[in-house]
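Undergrad: Please read through the structure below; I'll follow up with questions.
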Amino acid sequence: MSNKTFFITGANSGFGFAIAEAAVNAGHKVIGTVRSETARASLLDRLPQVNAVLCDVTEFDRIPGIVAQAEDDHGAVDVLINNAGYGHEGVLEESPLEEMRRQFDVNVFGAVAVAKAFLPRFRERRSGFIVNVTSMGGLITMPGIAYYCGSKFALQGISEVMRTEMAPFGVHVTALCPGSFRTDWAGRSMIRTERSIPDYDALFDPVRAARQEKNGKQLGDPAKLAAAVLDLVASDNPPPQLLLGSDALKLVRERIERMKQELSEWEELTCSTDG
């Protein structure tokens with residue numbers, strides 16, 4: 001793959017930092033967004049080759065100007081890695097709607113706002129690659145992360161439409177769907193709603209305890225994910241979605257089999273509504 005310019009949101013930690021580091025080491029130019037001067041200093045201390053840019057993806061009106069300035073300063077962007085996001089954990093009944101709104105502002109509206117800032121540029125140049133980082137939680141669900149799964153299902157669907165709409169212009173769009181990786185997603189980055197309804201203890205407490213116990217011990221290696229992303233963006237025929245991690249593959253396959261069984265079991269009633 002020839003040298004490219006990457007624009008990576010949330011570049012100071014997790015997948016964002018891993019991809020930025022891999023891209024820099026492969027000789028690419030990286031523009032990485034961070035939300036604060038403290039985060040910028042931390043990023044540049046660890047990876048001084050990155051061009052760090054202040055950008056809160058929930059400040060939607062500012063994003064087009066930030067993208068324009070980044071391209072003025074550093075040249076045309078070839079690859080957008082829409083990575084900024086976080087996890088929310090909480091029983092649905094217990095979790096305030098305000099926490100859902102914040103989850104969607106970052107994981108959905110923020111990602112779409114950044115993508116929309118690049119769409120006209122990529123379309124006019126007839127080239128570009130958008131990687132929207134979703135999750136296996138955009139294809140499967142688990143108790144206690146309804147808001148997170150909802151946000152990732154939303155971005156998954158939007159990504160598929162975006163892919164179809166941009167394909168005639170030579171622009172690739174892939175949803176990246178990681179399983180469990182050794183990042184801060186289940187640690188300091190996760191927002192957890194306080195428990196309040198005892199009826200859910202038996203269902204949810206073991207799930208929360210297991211997630212916390214496994215934090216830092218997950219099978220997935222962020223450096224290997226970053227290497228896979230570089231392989232992905234070098235492809236001339238990338239997939240609509242790319243699962244990363246054997247756990248993601250297993251769980252998604254199981255869900256597909258359950259769906260096939262449900263479709264067969266309810267086929268007669270499904271077709272009974274045709275006029």
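Every read-out reported here was derived from the displayed coordinates using simple, explicitly stated rules and does not represent laboratory data. Because the structure is predicted, anything quoted here is derived from the model rather than measured. Cβ sites come from the backbone with ideal geometry, for glycine too, and all protein chains shown count toward neighbours.
Undergrad: Of L119, L203, L251, which is the most mobile in a GNM of the chain whose springs link Cα atoms less than 10 angstrom apart?
TA: Most flexible of the set in this elastic network: L203.
Undergrad: Another one. For the chain, what does -39500 (n - 2.57) per DSSP helix run (n ≥ 4), summed and divided by total residues, give at 222 nm, in deg cm²/dmol to the nearest 500? Display every interim value, and only then the final one.
TA: Working: 10 runs with 129 residues, N = 275.
Taken over the chain, the calculation gives -15000 deg cm²/dmol.
Undergrad: Only Lys, Arg, Asp and Glu count, each charged at its Cβ (+1, +1, -1, -1), so figure out the dipole size of region 5-250 about its Cα centre, rounded to 20 debye.
TA: Result for region 5-250 is approximately 440 debye, rounded to the nearest 20.
Undergrad: Please get the size of the charge dipole for region 96-135, origin at its Cα centre, with Cβ charges of +1 on Lys and Arg and -1 on Asp and Glu, quoted in debye to the nearest 20.
TA: So the magnitude is around 360 debye.
Undergrad: Enumerate the lysines that K250 could reach by cross-link, defined here as Cα to Cα under 26 Å, with residues fewer than 8 away along the same chain left out.
TA: Candidates past the 8-residue exclusion: K152, K214, K217, K224, K260.
Undergrad: Once you place label points 7 Å from the Cα toward the Cβ at R195 and A209, how far apart are they in nm?
TA: Label at R195, label at A209, 0.8 nm between them.
Undergrad: Work out from phi, with θ = phi - 60° and the Karplus expression 6.51 cos²θ - 1.76 cosθ + 1.60, the ³J(HN,Hα) of each residue of region 235-243, listed in order in whole Hz, and give x for Gly and Pro.
TA: With the stated coefficients, region 235-243 comes to 6, 8, 9, x, x, x, 9, 10, 6 Hz.
Undergrad: Further, regarding this structure: Within the chain, which DSSP H helices have Cα atoms that stretch 20 Å or more along the helix axis and a mean Kyte-Doolittle hydropathy of at least -0.5?
TA: Membrane-span-like by this rule: 111-125, 146-166.
Undergrad: Please list, or write none, the aspartates and glutamates whose alpha carbon is within less than 15 Å of the alpha carbon of K29, excluding same-chain residues fewer than 8 places away.
TA: Answer for K29, where 15 Å is the Cα cut-off: E21, E71, D72, D73, D78, listed by chain and number.
Undergrad: Next up: Using volume of the Cα convex hull per residue in Å³ as the read-out, say which of [x] 163; [y] 173; [z] 127 was calculated from these coordinates.
TA: Given [x] 163; [y] 173; [z] 127, the calculated one carries the label [x].
Undergrad: If we count other beta carbons within 10 Å of each Cβ, what is the order of R188, R102, R182, R46, fewest first?
TA: R188, R46, R102, R182
Undergrad: Whose amide H sits under 5 Å from the amide H of G32, counting only residues 5 or more places off or on another chain, with H placed in the peptide plane?
TA: Residues meeting the amide H criterion: I8, N51, A52, V53.
Undergrad: I've got another one for you. Please report, in debye to the nearest 20, how large the charge dipole of region 208-275 is about its Cα centre when each Lys and Arg carries +1 at its beta carbon and each Asp and Glu carries -1 there.
TA: 600 debye
Undergrad: By how many nm would the segment from S127 to R255 grow when fully extended, if each residue of separation counts as 0.36 nm and the alpha-carbon distance is taken off?
TA: 42.6 nm
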